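The values are calculated or read from the model by the stated rules, or taken from the named source; none is laboratory data. Computed from a predicted structure; not experimentally measured. Glycine gets a Cβ as well: all are built from the backbone with ideal geometry, and neighbour counts include every protein chain shown. Areas reflect the complete protein model, heavy atoms only, side chains present, ligands, DNA and RNA absent. Shrake-Rupley method; radii C 1.70, N 1.55, O 1.52, S 1.80 Å.
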Amino acid sequence: MKYIFLFLIGFLMSCNAQNAIYDNLKEAPIDGGLQMEDFWVWGSSVIKGDDGKYHMYASRWPKFLPFHPGWMVASEIVHATSNTPEGPYQYEDVALGIRGAQFWDGRSCHNPKIVKHKDTYILYYMGSTHPFEAINNDNIDDFNLSSKWCITARWRKRVGIATSKSPYGPWKRLDAPILNVNPDSFYSFLTSNPSPLIKEDGSVVLLFKGRSYKEDTIKHSDMSIGVATAPSFDGVYTVVGTKPLFSMEHLGEVEDPHLWSDNEGFHLVAKDQRGLITGGKGDGLLAHSKDGINWVVDENPRAYTKTVKWNNGKTLKQGQLERPFVFVENGQPTHIFFATMDGPGGFGNGTKTWNMVIPLK
């Protein structure tokens with residue numbers, strides 16, 4: 001009887017395991033984060049600078065382009081600041097902009113993640129290019145996912161870095177990506193959505209999104225998440241193993257992983273693309289690791305849903321809620337940032353996007 005009782009206690013405790021994000025979400029400030037008139041704004045990453053300010057790096061592209069796939073051909077990474085983590089953040093400058101079709105990242109820079117090692121700020125991002133004319137009012141009717149611009153720009157997506165001694169720049173960009181594609185692999189088509197974590201010894205664990213070619217259908221595969229390592233941020237990045245961490249064949253399809261660490265090890269939050277892990281399509285999931293290489297989904301994995309409580313008393317289901325970023329200060333997660341969109345859901349149904357933030361208890 002004693003052992004049955006202990007088993008039931010353990011079972012009930014596991015069912016109610018504390019969730020580091022979901023159980024600690026506070027109300028979202030309606031004037032927090034970053035909004036930019038005349039631009040689609042997406043995917044933020046925040047770091048506290050030596051000046052005591054909070055520095056946000058985010059993607060933006062002009063609203064005369066459709067939200068999707070406008071980012072593929074015209075996104076740039078901008079820099080904004082605030083005196084508090086919540087914001088609102090004020091635009092400062094363009095950190096990484098268009099620099100010519102001949103560069104691997106010359107047409108689009110997207111999905112920034114900012115980290116710092118010693119005295120160097122490192123901006124990880126996805127870059128792409130294409131050899132065609134720019135999109136304007138004369139040819140925009142021909143611009144869609146099946147157009148020459150998007151076919152090329154999607155295929156050319158690669159992961160790279162830029163470095164600076166100051167969060168204000170200038171940023172030194174590389175002439176080649178740090179994570180290229182590899183034939184006959186789960187990332188033979190593209191690499192994207194980098195999420196780095198620099199360890200105390202300077203070595204790097206980098207999660208990334210990959211897609212492979214599907215020769216039988218002349219189309220790319222579903223999304224997979226892989227892991228690469230490097231001895232230093234400016235060293236050689238090597239993909240670990242031949243199988244991804246997450247895929248349709250293993251656990252489920254996820255996107256937008258974000259890494260952080262604490263005394264218990266490594267943690268990641270990501271978007272559960274199809275709801276195969278959390279049970280909710282588009283909800284956030286949590287996983288943990290001791291080394292950043294081998295990952296286990298949390299026992300209580302749901303990190304968030306699209307339903308947000310705002311500090312004006314309203315509770316709304318966002319049209320989109322993506323690109324989760326957990327901000328850590330003094331060793332503790334204090335805020336989670338999201339890219340969000342209004343409307344009923346679907347990239348083609350929104351009229352406004354912005355980067356929002358939710359404080360954590």
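Could you check the spin-label model distance between GLU215 and ASN139? Points 7 Å from the Cα along Cα→Cβ, value in nm.
Rounded to a tenth, the inter-label distance reads 3.2 nm.
For ASN180 and ILE293, calculate 0.36 nm times their separation in residues minus their Cα-Cα distance, and state this gained length in nm to one decimal. Each step should come with its number before you reach the end.
Details: separation 113, 0.36 × 113 = 40.68 nm, distance 1.94 nm.
Working it through step by step, the gained length comes to 38.7 nm.
What full-extension length gain, to one decimal in nm, is calculated for TYR168 and LEU360 as 0.36 nm per residue of separation minus the Cα-Cα distance?
Working: separation 192, 0.36 × 192 = 69.12 nm, distance 2.76 nm.
Computed gain between TYR168 and LEU360 is 66.4 nm.
Could you compute the longest span of the chain free of GluC sites (Glu not before Pro) located in DSSP loops and having at most 16 other Cβ atoms within 10 Å, not counting the site residues? Show your work: numbers first, answer last.
Details: sites that count: GLU27, GLU37, GLU133, GLU200, GLU215, GLU249, GLU264.
The longest uninterrupted stretch comes out as 265-361.
Report the charge-dipole magnitude of region 249-361 in Debye, nearest 20, computed about the Cα centre from +1 at each Lys and Arg Cβ and -1 at each Asp and Glu Cβ. Don't skip to the answer; put the middle values down first.
Values: 12 positive and 14 negative charges, 132 e Å.
Using only the charged Cβ atoms, the result is roughly 640 debye.
Got a sec to turn the phi values of region 258-270 into Karplus ³J(HN,Hα) couplings, 6.51 cos²θ - 1.76 cosθ + 1.60 with θ = phi - 60°, whole Hz, x for Gly and Pro?
For region 258-270, the Karplus-derived couplings read 10, 9, 8, 9, 8, 5, 8, x, 9, 9, 9, 10, 8 Hz, x marking Gly and Pro.
Give me the 1.4 Å probe accessible area per residue for the chain, excluding ligands and nucleic acids, in Å². Spell out each step's value before the answer.
Values: 16530 Å² over 361 residues.
That works out to 46 Å² per residue.
Please state, to two decimals, what the Cα-based radius of gyration of region 230-361 comes to when divided by 2.2 N^0.38 Å (N = residues).
Details: Rg = 16.0 Å, N = 132, 2.2 N^0.38 = 14.1 Å.
For region 230-361, the normalised Cα radius of gyration comes out at 1.14.
With runs of 4+ DSSP H residues as the only contributors, calculate the mean residue ellipticity of the chain at 222 nm using -39,500 (n - 2.57) per run, divided by the residue total and rounded to the nearest 500.
-2500 deg cm²/dmol
Relative contact order for region 228-361: what percent, with Cα pairs under 8 Å and sequence separation of 6 or more? Don't skip to the answer; put the middle values down first.
On the way: 270 pairs, mean separation 19.0, N = 134.
In percent, rounded to a whole number, it is 14.
Could you look at region 262-361 and say what percent of its accessible area is carbon and sulfur, using a 1.4 Å probe and all protein chains? Can you show the working numbers first?
Details: 2040 of 4410 Å².
Of the solvent-accessible surface of region 262-361, carbon and sulfur hold 46 percent.
Name the long-range amide H neighbours of LYS352: under 5 Å, sequence gap of 5 or more, or other chain; modelled H, no Pro or chain starts.
ASP342
If you take the square roots of the eigenvalues of the alpha-carbon gyration tensor of the chain and sort them as a ≥ b ≥ c, do you get rounded (a/c under 1.5), prolate (a/b over b/c) or oblate? Provide the component values of the computation, followed by the final result.
Working: a/c = 1.40, a/b = 1.30, b/c = 1.08.
Here the chain falls in the rounded category.
Could you give the dipole magnitude of the chain about its Cα centre, charging the beta-carbon of Lys and Arg +1 and that of Asp and Glu -1, in debye to the nearest 20?
Details: 37 positive and 39 negative charges, 52 e Å.
Roughly 260 debye for the chain.
How high is the relative contact order of the chain? Use alpha-carbon pairs under 8 Å, at least six apart in sequence, and give a whole percent. Please list the in-between numbers first.
Numbers: 920 pairs, mean separation 57.4, N = 361.
For the chain, the relative contact order is 16 percent.
Starting from the Cα gyration tensor of region 124-219, take the square roots of the eigenvalues, sort them a ≥ b ≥ c, and report rounded, prolate or oblate (rounded when a/c is under 1.5, otherwise prolate if a/b is larger than b/c, else oblate).
Values: a/c = 3.10, a/b = 1.37, b/c = 2.26.
Cα axes put region 124-219 in the oblate bin.
FRET efficiency for LYS199 and ASP38, Cβ-Cβ distance as r, R0 = 56 Å, nearest 0.05? Could you put the intermediate results ahead of the total?
Working: r = 41 Å, r/R0 = 0.73.
For LYS199 and ASP38, the calculated efficiency is 0.85.
Mind giving me the nanometre distance, one decimal, between the label points for LEU316 and ASP50, set 7 Å out from Cα along Cα→Cβ?
Distance between the two pseudo-spin positions: 4.0 nm.
Collect residues whose amide H, placed 1.01 Å from N in the peptide plane, falls under 5 Å from the amide H of ALA28; neighbours closer than 5 in sequence don't count.
Amide H neighbours of ALA28: LYS309, TRP310, ASN311.
Among MET36, PHE246, ILE293, whose Cα lies farthest out toward the positive end of the dipole of the chain, if unit charges sit on the beta carbon of Lys, Arg (+1) and Asp, Glu (-1)?
Final value for the positive-end residue is PHE246.
For region 145-158, in order, what is each residue's ³J(HN,Hα) by Karplus, 6.51 cos²θ - 1.76 cosθ + 1.60 with θ = phi - 60°, in whole Hz (x at glycine and Pro)?
My calculation for region 145-158 gives 4, 8, 7, 4, 4, 6, 4, 6, 5, 5, 5, 8, 5, 9 Hz in order.
First measure r as the distance between the Cβ atoms of ASP262 and LYS26, then evaluate 1/(1 + (r/R0)^6) with R0 = 25 Å and state the FRET efficiency to the nearest 0.05.
On the way: r = 19 Å, r/R0 = 0.77.
It comes out at approximately 0.80.
Please turn the phi angles of region 117-129 into ³J(HN,Hα) values with the Karplus equation 6.51 cos²θ - 1.76 cosθ + 1.60 (θ = phi - 60°), one per residue in order, whole Hz, x for glycine and proline.
Whole-Hz 3J(HN,Hα) from phi for region 117-129: 10, 6, 9, 10, 8, 10, 9, 8, 6, 9, x, 7, 8.
Give me the number: length gained by fully extending GLN102 to THR120, i.e. 0.36 nm times residue separation minus the C-alpha to C-alpha distance, one decimal in nm. Present the calculation step by step, with values, prior to reporting the outcome.
Values: separation 18, 0.36 × 18 = 6.48 nm, distance 2.71 nm.
Gain on stretching GLN102 to THR120: 3.8 nm.
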